[in-house]
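J.: This is the structure, below, for whatever I ask next.
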Amino acid sequence: MKHKILPLVLVVTMCLQLISCNDDDSNDFLDQVAVTVPVIKSKSDFRDAVSIEGAQPTNSDGKIYVYNNLLFYIAQNSGIHIFDNQNPESPQNLTFIQLEGVNDISVKNNILYADNFMDLVVFDISDIENIQMVNVEEDMLPYYATFPDDVSYYQSNFSVGEDEFIAYYTTVYMERDEAENNPDIYNWDTNLFLEVFDGAVIANDIGTGGSYAKFQIFNNALYTIDDYLLYTFDITNYNNISLVAQTWMESWFGGGILETTFIRKDYLFIGATNGMHIVGLQNEFNPTYISSFLHATGCDPVVVEEDTAYITVRGGNGCGAIEDQINVIDVSDISAPQEYSTYFLSSPYGLGIKNQVLYVCNDDGINVFDAHDPYNITLENTYEINSKDVIPLSTHLISVGENIIHQYDYTDDFGLELISTVQF
C-alpha cells in the first residue's frame, strides 16, 4: 500500500515547535508528545558509503566478536571497529569498516561476513592493514526496521520508492492536540511490541560471538534468523554465496520470536521468546528440528557447555510476564531436554559459560556462578560494571556494555581481575 509523505509544512511546524520550546516551561513540555517516524534511505546511497577507514571512536552501542587475536566491536548501524587484542592489557584500535547497516558478523578463515541492512557483505581480512571488500550479495538477507517498544504516537502516511527502504525509526515531538487531530498520526498501544534484543561458537578457524549473536558458521554454512525463519547460506565459495534453505521455524515449534543463536557440536541452539529450540546440523545445508524446552514468553539468549544449556529469561518491558530467571537445562538427551534447576535473578541479559563457571550480566553488573552442580548453581561474586554480554575465552573474559569493553583475568575463588577498558 502506497502512502503519502506528511506535508512539508507539518514537518517544518514540528521542527519550529522543537526550537521554540522553552525548557523552563514544564507546561509546554507536557503538552508535547513523541511521534515515531520512519527514516527512509536509498539503497544505492548506503551501498556506495561502504569503506575502510582509519581507527575511529564510536558513540553507538554494539556487540563484540573475537577471531584469533582480533577483537571486533560491532557498532550497531555504524560499522565495525577492529582491535589488535594480542595483548588484552592494551588493545590497539586498528581500523574501522564503515557499514551503516551492520548488526552481526561472523569470520571463517580470514573471511568476514557482515550484514548491511539487506545485503551480505564479504571482506578479506587476511591483511588487517589492507582489508578488501571481495563480494556483496545484494538483497540476500531479511531486513526490516524494528519498531520501537516505547511508541505512543506514530506516523502512518509515508511512501517508499523502488530504490528505498525504511532503515530505522526515530522520534520527533509535536503538540499533543496537533498529533491527536492529525489524520496521519495514530496512537498505538505499545504493549503490542516485543523487545527483540539483539550465542558463542568456535570450530575450524571460526570466530567467537557473544550470546546475542544472530550469525553463526558451521562448516560451509552460514546461518541467520529473523522473527520466524532460519536462513541457511552456502559459503563454500565466498565469491558466490547462495541461499540454500529458508526454514519456517514456526511450523516446527510455533509462536515464539527467534532472538539468538549458539552452536554446540553439530547442533544449533536458538533462543526464542517462548524457549530454547534445538536444530540438527548433521546435514549442514538442511537443518532439521530436534526438540524444544518451552517457557512463558520472555527475552532469552542461550549458551551451552558439554551437556548443559543455560538460558537467561527476562520478563517485563515488552519481553513478557515471566519472572526473571536463569534456567539450567540437561541436553544430554538432545531429543528431550529437561530442566535441572531455576535461579531467580533480576533483569538478566547476556551470559557465557566456561569450565562450569557461569557469567551472567544484569543491572547489577556481572554475576559469577559456580555451575559445577547443575541442580544448584550458586552466586559467588558480583562485579558492578556496565555489562550486557560476555565472551569467556580460555585465556580471559571480555565484557561489553553501553559504549564500553572490559577485559578480565580469571582469578581464584571465581574471581575476575580487570586488566583493560576501552571506553568509547
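Each value in this text was obtained by applying a stated rule to the coordinates, not by laboratory testing. For clarity, every value in this text was computed on a predicted model and none was experimentally measured. Neighbour counts run over all protein chains shown; Cβ positions are idealised from the backbone, glycine included.
J.: Could you work out how much longer the chain between Thr170 and Asp45 gets when fully extended? Use 0.36 nm per residue separation minus the Cα distance between them, nm to one decimal. List each step's numbers first, then the result.
T.: Values: separation 125, 0.36 × 125 = 45.00 nm, distance 1.93 nm.
Result for the pair: 43.1 nm of gain on full extension.
J.: From the cross-link list Lys108/Lys388; Lys108/Lys214; Lys43/Lys108, which pairs have alpha carbons spaced over 19 Å apart? Kindly include the intermediate steps, with their values, before the conclusion.
T.: Numbers: Lys108/Lys388 25 Å; Lys108/Lys214 15 Å; Lys43/Lys108 27 Å.
Correct reply: Lys108/Lys388; Lys43/Lys108.
J.: About the Cα centre of region 224-319, what is the dipole size in debye to 20, counting +1 per Lys and Arg Cβ and -1 per Asp and Glu Cβ, all else neutral? Each step should come with its number before you reach the end.
T.: Working: 3 positive and 11 negative charges, 20 e Å.
Once rounded to the nearest 20, the dipole reads 100 debye.
J.: Still on this structure, I have one more. Using only Cα atoms, what is the ratio of the radius of gyration of region 308-382 to 2.2 N^0.38 Å?
T.: Numbers: Rg = 12.2 Å, N = 75, 2.2 N^0.38 = 11.3 Å.
This ratio for region 308-382 stands at 1.08.
J.: Turning to a different aspect of this structure: Just want the answer: with Cβ charges of +1 for Lys and Arg and -1 for Asp and Glu, which residue in Tyr349, Pro337, Val313 is farthest toward the dipole's positive end in region 301-372?
T.: Result: Tyr349, furthest along the dipole toward the positive end.
J.: Using +1 on the beta carbon of Lys and Arg, -1 on that of Asp and Glu, and nothing else charged, what's the dipole of region 254-397 about the Cα centre, debye to 20? It would help to have the intermediate numbers written out before the result.
T.: Working: 5 positive and 19 negative charges, 70 e Å.
Taking the Cα centre of region 254-397 as origin, the dipole is about 340 debye.
J.: Return the FRET efficiency for the residue pair Gln338, Gln86: r is the Cβ-Cβ distance, R0 is 45 Å, and the value is rounded to the nearest 0.05.
T.: Details: r = 42 Å, r/R0 = 0.94.
In this case the efficiency is close to 0.60.
J.: Mind ranking 75-82, 407-414 by how tightly packed they are, going by the mean number of other C-beta atoms within 10 angstrom, highest first?
T.: Values: 75-82: 22.2, 407-414: 14.8.
Answer by packing, highest mean first, reads 75-82, 407-414.
J.: With the calculation restricted to Cα positions, what are the radius of gyration and Dmax of region 276-424 in angstrom?
T.: 15.8, 44
J.: Could you work out how far apart the two model spin labels at Trp248 and Glu417 are, taking each label as a point 7 Å from the Cα in the direction of the beta carbon, and quote it in nm?
T.: According to this spin-label approximation, the distance is 5.6 nm.
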